[in-house]
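The values are calculated or read from the model by the stated rules, or taken from the named source; none is laboratory data. All values derive from a computational prediction rather than experimental measurement. Methodologically, a virtual Cβ is constructed for each residue, glycine included, from the backbone with ideal geometry; neighbour enumeration extends over all protein chains shown.
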Amino acid sequence: MKRGLLLCIVISLFAVWKPPCFAAQTAVKLSDLEKSSRKDSRFVANNLRNDKSDVHQYKDDEIIVKFREKVPVEKRQQLHQRHGAREIKEFRNQKTHHLKLNGGMTVKDAVELYRNDPDVEYAEPNFIYTIQRTPDDIKFSELWGLLNTGQNGGTPGADIKATTAWDISTGSSDNVVAIIDSGIDYTHPDLVANLWVNVGIDTANQDSDPFDDNGHGTHVAGTIGAIGNNGTGVAGVNWNVKLTACKFLSASGSGTLDNALQCLDYIKSLKDAGANIVATNNSWGGGAFSQALYDAINAQQDILFIAAAGNNGTDSDNKPSYPASYDLPNIISVSATDRNDNKATFSNYGRRTVHVSAPGVGIYSTLPAVNEWGIPGGYGLLSGTSMAAPHATGLAALIKAQFPAMDWKGIKNLILSGADSVPNMYERTITGKRIDAYNSLTCSERMLFSILKKPSSISVGTPVTLSVMSINCSAPSGPVTVTNSNGDVLMLADDGLGLDQVGGDGVFTATWTPTRSLEVLVFSSPAGREVIEFPALGIVTRSVGINVGSPCRQSLLGSGGHFPYTWSVVSGSLPPGMTLNGSTGELSGSATTEGSYQLTVQLLDSHGAKALQDLLISVYPPGIQVEWSVTSDSNSFTNVYVDYLVGNLVDIAVDGDGNSYLIREGYFLNGQNVWESCAYLFKYDPAGNLLWYKNPAGIPSAIALDREGALYLGGMSCTWSSTACSYDKYLLSKFDPDGNLLWSRQRPGNEVTDVSTDKQGNIYISGTYSTSTNDIVIVKYDSSGNELWTGTAKSTSTRVLSNPYIAVDLNDNVYITGNAANTAAPGIVNYDQLLLKFDASGKELWLKTDDSGGKETGQDVAVDRNGNVYVTGWSIASPAVQLLTKFDQNGNVLWKRSHVEGIGSKGFGLAVDENAVYVTGSLLGSPYKPTDFLVSKYDFSGNMLWGMTYDAGGSERGERLTLDPNGNIFVTGSSGDVDNVYLKALTVKFNDSLALAVTASGTLPEGVSGAPYDTALSARGGTPPYSWSVSSGAIPAGLTMDPVTGVISGIINGSGKVQFDVRVSDATGMTASKQMSVTILGINSQSFVPATNGTDYKLVITGSGGTSPYSWSLVSGALPPGLVFEGSTDSSVIKGVPTETGIYSFTLQLQDSSGRTTSKQFSITVADPVCVAYPARTPRTPIAYYNSMQSALNDVVDEVMHVQGVDIYESILLDRGINLKLWGGYNCYFNDNSLQTKVHGSLVIVNGVVELNNIVLLP
């Protein structure tokens, strides 16, 4: 499979919960599931940066160019010809050109070439625009955004007051609203009567038919102007209005910059031709700054451009989302609120850049019969700022109906000044309000004062721009002044001159040059007053952690400003039992309830300057402590920046000594300026100190340890081209505890997602493999890397399996969780949580999916010692909900739990010990605060014992969790800035001091064989008294364990390392186990082979334990005659040729370098050789035996030859010139010659001398 690095400019239709669709020539479609993506760095020009904080998509063979004034047509064409580009179209109102590039030029090169030409004002890519939304699962028919009576858990009155506004006006068919979107269903019965005579055009397909084949544009249209009071369907903000559409987004929800520009050009032409177009609705956005789009919007200032603020949940002041963030006077940027007037979790916001909010969660409106979500019936629910913007657009048309002569400036000001103050939006948008149609139509003396532009810091002598919105209903409210610390007064102007963009729009602007670095500026007008200071007033404290029931006294810290300070909570609430001192900022008291408390704190100084901070107070359960946290940042180790990814590319394992091993995937810019993957393996000691880090080969995804402490990394092998990586092999590598590679194995496959081990030391990897289908594959290896078996679960045409995570039970059955994408109907995919079981031989036993009526994902799986299975993940909804499900061994659901605390939660990792289930993930506890680590503990009945969050000051997400035997919980995941851009690996070690745990070190004191041994095990937590037992293996010989005290004592025997598991039980039946090891200094047991008299003998004796080098000695007894003892630093040797039979006992002593000694008694038996059937031998060393007399005579020299006392039938020839003694009559042992040898044959001596003894020659 190919996973290219796609750098994309994404401009989205702002409805929530569908990740961006990348729908251009170089694009891929992302699923609803959260995945890692690989991005390239094809940013170009000023808008395209070689970082990963602003990734956008564009067409790879087109650009947009604007020439400077008075450049002749001929010169333009010459430039195109020189660069090999062809003009596709010209947008005359914007004076921009849409160009097609030749096949040999990249967008980056083309933009740079054109930008460097003096005749070109700017050049930029042809950006791609896409949509981002999914329908809510439950379809409510109530239009709560227009009238909220408290239905479905809402707050009465949290709406735009449409019903009271309709008593004044229901709209006018004289007004036209243009919807720039995916088109409109002009056959819909609730829209058809409100369609303008010119229903619109389609720039996506370059025709005149704007029919909506996606659904998004029709949903927007219904909110603006579905026919009211007709007894059918829904009502729009306007009962009467004329709607026209410019479709530039395709059926898949994607469009391009050139098509958007064509829409704006078309709408301006309609306005110039006399059409009464009040506003355009623009529920799309996100992505990079486009000068061409900016110019096109600015070219039609007499049309309000109402835009969705964006669905990233981020602060647009810091991370702009275009087009809503363009600094243009005719733009209204709209954020989304829910039915309780809270900011929608997904919605962008911005104190200086987002104007106002409107209902945007669970909005019911019109849909075409065929739509992307498969919603039948012509109506459906969607959520997003895409749904908020049309409420404001509809209000603009309603105001125009009531005040036909009012221009766009007055309409915009009435929308903003008429809005209702919403506590949850306080200081989060320019107005801090949610629109109110009735107030806008009846506005009287409603003041709005808000600073729009101010510097974050000042430098003496450097001019800066100051800008303020000051309005009273539709009109500007002046004069506006700025007074500094010396009393100097600066007047701000709303005259359309200089930096002031438009005169009379209520925005007052001036240039100010600081004369000192410490300054207080007081902005004021009849509409209000606001104070800013330099250095800026701020709140330093971001989070507080305390234990429930423990007294707490902690002061919040402020910076800058002037004392005295005044502190207050402006939203949210303190934990019960806690108070905030408004004068000192001290938090005090004793929290009575566990949990995470999200609140917003405001700090005022003596001049009235104010600062806000979102504060997390984590009330931990009793006994929970954060021992340490570390951030694994590659900047500390390399000279290249590495951007860590999220998802299944991080994992952690902990050994018995408390050392933790972390893997993380990162990226670096290679020589081709492409982000290339790299791998990191970190080892931390129990205190969180970095011991070492390595860069292993491949791309890691999971890590596991075996009982011997060896590390196994599962991952992928990747071959890079210039822009993409081919994932075509699984990769499994084994390392020792020091990170040295022991072996590595590869096999065909794509992504490895998890790795696990069993008690026998076998290793299992799970992953996917794409052939004809995307299959789940499990591979089992032994500890030497030999492949034992492969199991496969196949996808089908209607069910695609993916994202497999693995667990192995005590019987070596394998369980897999993941995702099953089920195609319910063409274009409609439901994600269900997957659970698979394979037996110990790799045979698939069953496959089950858990469908709770929505979309669910499985992210991790674990098995308890009774064989029950636990799976975590989340429900893919808005907001997401963390899930934890318990299954029996047959896959039957025993219980399911949802984490409902906060606004949105997800589950990524889990672990099981003998008493409980631990889950980690993320929690979005506040609409303005990024996610935090979420860690929860459940008992086996599904009762939550505690839940807690961890905030490192940015955006955190717990992704993997593991436990050590000492009651510590290790969580690793991603940590980054509030926009989740620059991600690093964050690891936190929590200690649960109340949980039952064996606290004795897993490495017990060393022993000396034959010496007394005594050590006591220890435990903590639980409910004493404790009882102790050995749960696996056996303690060393000679020792016993006291079941009450946990004392292990006796005379220890043996040598080397002995491993066994101990278990402690408390008074309630809770248990905890731990692997123990004892290293014994001793002489290793030997199998002493009896020696044979007269035969060469050698025996090597080794020791283990203690501290080498060793020294050896023979301390008592004696070796058999002929044998000697030699000792070395590692071993001793007994060798030689025994000369006497018998049993010989002796004692050897081993001494290690520390002086400790141990001894062991041995004995060697020396026996005569076994009776030999050979008739002849020579008694030399070694003894030689012969089958015949002749063969002996052919081999011997001047020596004695012994011959058995038997009858020998052969003739013998000696012709070798030797002197030989032939002694006969021996028995089979050759130790007695009282017999007689009879030779039946001749003895011929040609050359030599033969002496016969006890041999008779017979004819």
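Scanning segment 1120-1177 for residues that are closer than 15 Å to Pro1109 by Cβ and either outside any strand (DSSP E or B) or assigned by TED's automatic domain parsing to the domain that holds Asn1231 (or both) yields a total of 8.
Of all the listed residues (Ile765, Ile806, Ile776), the sole one being part of a strand (DSSP E or B), among the aliphatic types (A, V, I, L, M), touching a residue at least 40 places away in the same chain (Cβ under 8 Å) and in contact with a Pro (Cβ under 8 Å, 6 or more places away or on another chain) is Ile776. Is one or more of the residues making up segment 691-699 at pLDDT 90 or above and buried (at least 23 other Cβ atoms within 10 Å of the Cβ)? Looking for residues that are at pLDDT 90 or above and buried (at least 23 other Cβ atoms within 10 Å of the Cβ), one finds none in segment 691-699, hence no.
Only one of the numbered conditions (1) more than 18 Å from Asn695 (Cβ to Cβ); (2) at pLDDT 95 or above is violated by Leu741, and that is (1). Total residues in segment 452-466 satisfying the condition of being touching a strand residue (DSSP E or B) at 6+ places or on another chain (Cβ under 7 Å), under 20 Å from Ala609 (Cα atoms) and surrounded by fewer than 20 Cβ atoms within 10 Å (Cβ to Cβ): the figure is 6.
Here segment 1029-1054 is the region considered, the condition is being among the polar types (S, T, N, Q) and assigned to a loop (DSSP other than H, G, I, E, B), and the residue that is farthest from Gly1007 (Cα to Cα) is Thr1045.
Taken together, the residues in segment 474-510 that are outside any strand (DSSP E or B), buried (at least 21 other Cβ atoms within 10 Å of the Cβ) and among the hydrophobic types (A, V, I, L, M, F, W, C) amount to 0. Being in contact with a His (Cβ under 8 Å, 6 or more places away or on another chain) and not hydroxyl-bearing (Ser, Thr, Tyr) is the filter; apply it to segment 1193-1209 and report the residue that is surrounded by the most Cβ atoms within 10 Å (Cβ to Cβ). Selected residue: Ile1208. In the set (1) modelled with pLDDT under 95; (2) more than 20 Å from Trp874 (Cα to Cα), Lys837 fails one condition alone, (1).
Counting residues in segment 285-298 that are part of a loop (DSSP other than H, G, I, E, B) and surrounded by fewer than 21 Cβ atoms within 10 Å (Cβ to Cβ) gives one or more.
Residues that are surrounded by 19 or more Cβ atoms within 10 Å (Cβ to Cβ), at pLDDT below 90 and not assigned by TED's automatic domain parsing to the domain that holds Tyr1110: does segment 1241-1258 have at least one? Checked segment 1241-1258: no residue is surrounded by 19 or more Cβ atoms within 10 Å (Cβ to Cβ), at pLDDT below 90 and not assigned by TED's automatic domain parsing to the domain that holds Tyr1110.
Among the residues making up segment 175-195, those that are within 10 Å of Gly225 (Cβ to Cβ), outside any helix (DSSP H, G or I) and not β-branched (Val, Ile, Thr) are Asn175, Asp190, Leu191, Leu195.
Counting only strands (runs of 3 or more DSSP E) that fall entirely inside segment 937-976 and contain at least 2 residues that are touching a Phe, Trp or Tyr at 6+ places or on another chain (Cβ under 7 Å) and free of Cβ contacts under 8 Å to residues at least 60 places away in the same chain, the qualifying elements are 955-963, 968-976.
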